[in-house]
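The values are calculated or read from the model by the stated rules, or taken from the named source; none is laboratory data. Since we're looking at a predicted model, the values are computed, not measured. Note that we place each Cβ from the backbone using ideal geometry, even for glycine, and neighbour counts take in every protein chain shown.
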Amino acid sequence: MSTTFLLRRNPTQLGYRMPAEWEPHASTWLTWPRPDGISFPDRYDTVPPVYAELIRHLVTVEEVNINVFSPELEEFIRKVLREHKVPTERVRFHPFPAYEPWCRDHGPIFLVREREGQRERAVVDWGYNAWGGKYPPYDLDDAIPQRVAELRKLPLFSPAMILEGGSIEVNGTGTLMTTEACLLNPNRNPKLSQSEISQFLKDFLGISKILWLGEGIVGDDTDGHIDDLARFVSPQTIVTVVEEDIEDANYTLLQENYNRLRKASDHDGHVFNVVKLPTPGMVEYQGQRLPASYANFYIANGLVLVPTFRHRNDAVAIEILQREFPDRRVVGVDSSELIWGLGSFHCITQQEPAP
């Protein structure tokens, strides 16, 4: 029998909030890609080594939990980790199958609250429809939050709204960033107005202020996820991607988002410190532009993993992020193969906050 349950009051009423990514983690969750999945057509063999490199860094600072599709896939993963000399003492495997590996979007969104001197956790199980029904089937992916909540014996909230984790970004103190292009797209919640969507976010994530950006970068099949555009690096500081080449297709839309952020304030009326992050320019494969962005970094305990793309701006982006995270080690990891799946490190990870 499931140990998770539905509660009559919403999480915000019960004192829960979604913590910022830099708050202490218990672990990182991943969903290992299937060889017969659709995310990496004709290039799957190049992807497991990237996962191994990512896990090699993560296990130095926290536990790693991996959702696996089958016992055979688990054996394959163990073999890959052995071959790449990745210590596995802090790696946990779970028979939680999903068709595709984008755990940021189909994985659990964890909440926390302080109650009677204890930190309590819960899970929000937003609906998942593979970015507007683009890549069926997705029923197994949609069930992952329920499986994790049951494993952890945590309360489970199930709002009647489609939402991917990569489409939202929080500062942990009441402000959330998202995009109109994604959340207002009729392929997600056609019967909900912007005000109704906003209320769901406030009710289920413990936030009181929403910053709405506009369009996503070219090549992003998610319809404009925020984690390719702008990220909180502290409660009052946002890094946002800006394209300097006026001829580039991303130039105008990124300038528009930057200008919106320069005027933005938090729920207390404080204006944000906005820091520019460069782009890696045009990254393409087989004539297809890929959504390569340094904003798709992942914050772990004492560590920030930054996707790199064999571009001169790799070092610039790492230097900027190291200034913004002076107490963390900022490491660049080549994401040139992973981005063929139209996502990078933030897209494949989901943080589990410490209890």
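Points worth noting:
- Inside the stretch 323-355, residues that are surrounded by fewer than 18 Cβ atoms within 10 Å (Cβ to Cβ) and either among the hydroxyl-bearing types (Ser, Thr, Tyr) or without any contact (Cβ under 8 Å) to a residue 12 or more places away in the chain (or both) make up a count of 2.
- Cross-chain or 6+ apart pairs with Cβ under 9 Å, the stretch 67-93 first and exposed (fewer than 14 other Cβ atoms within 10 Å of the Cβ), then charged (D, E, K, R) and modelled with pLDDT of 95 or more: Ser70/Arg34; Lys85/Arg56; Pro87/Arg56; Arg92/Glu63
- Among the residues of the stretch 94-112, those that are in contact with an Asp or Glu (Cβ under 7 Å, 6 or more places away or on another chain) and either of a type in the set (Asp, Glu) or without any contact (Cβ under 8 Å) to a residue 60 or more places away in the chain (or both) comprise Glu100, Asp105.
- Cβ-Cβ contacts under 9 Å between residues 6 or more apart (or on different chains), taken from a first residue in the stretch 113-138 that is closer than 17 Å to Arg9 by Cα to a second residue that is modelled with pLDDT under 95 and crowded, with 20+ Cβ neighbours inside 10 Å, are listed as Val123/Thr4; Asp125/Thr4.
- Any helices (runs of 4 or more DSSP H) falling wholly within the stretch 124-199 and containing at least 1 residues that are closer than 22 Å to Ala264 by Cβ, over 15 Å from the mean Cα position of the chain (by Cα) and among the hydrophobic types (A, V, I, L, M, F, W, C): 180-183
- Within the stretch 285-307, tally of residues that are more than 20 Å from Glu21 (Cα to Cα) and surrounded by 12 or more Cβ atoms within 10 Å (Cβ to Cβ): 5
- Some residue of the stretch 232-245 being surrounded by fewer than 16 Cβ atoms within 10 Å (Cβ to Cβ), within 21 Å of the chain's Cα centre (by Cα), within 23 Å of Arg104 (Cα to Cα) and of a type outside the set (Gly, Ala, Ser): yes
- Tally of residues being in contact with a helix residue (DSSP H, G or I) (Cβ under 9 Å, 6 or more places away or on another chain), under 24 Å from Ile207 (Cα atoms) and surrounded by 14 or more Cβ atoms within 10 Å (Cβ to Cβ) across the stretch 247-283: 3
- 2 or more residues more than 17 Å from the chain's Cα centre (by Cα) and farther than 17 Å from Cys103 by Cα: qualifying strands (runs of 3 or more DSSP E) within the stretch 294-349: 329-334
- Criterion applied to Ala315, Ala264 was being under 22 Å from Met177 (Cα atoms) and either at pLDDT 95 or above or in contact with a Leu (Cβ under 7 Å, 6 or more places away or on another chain) (or both), and the one residue passing it is Ala264.
- Residues of the stretch 229-260 satisfying the condition of being of a type in the set (A, V, I, L, M) and either assigned to a strand (DSSP E or B) or over 16 Å from Pro278 (Cα atoms) (or both): Ala230, Val233, Ile238, Val239, Val241
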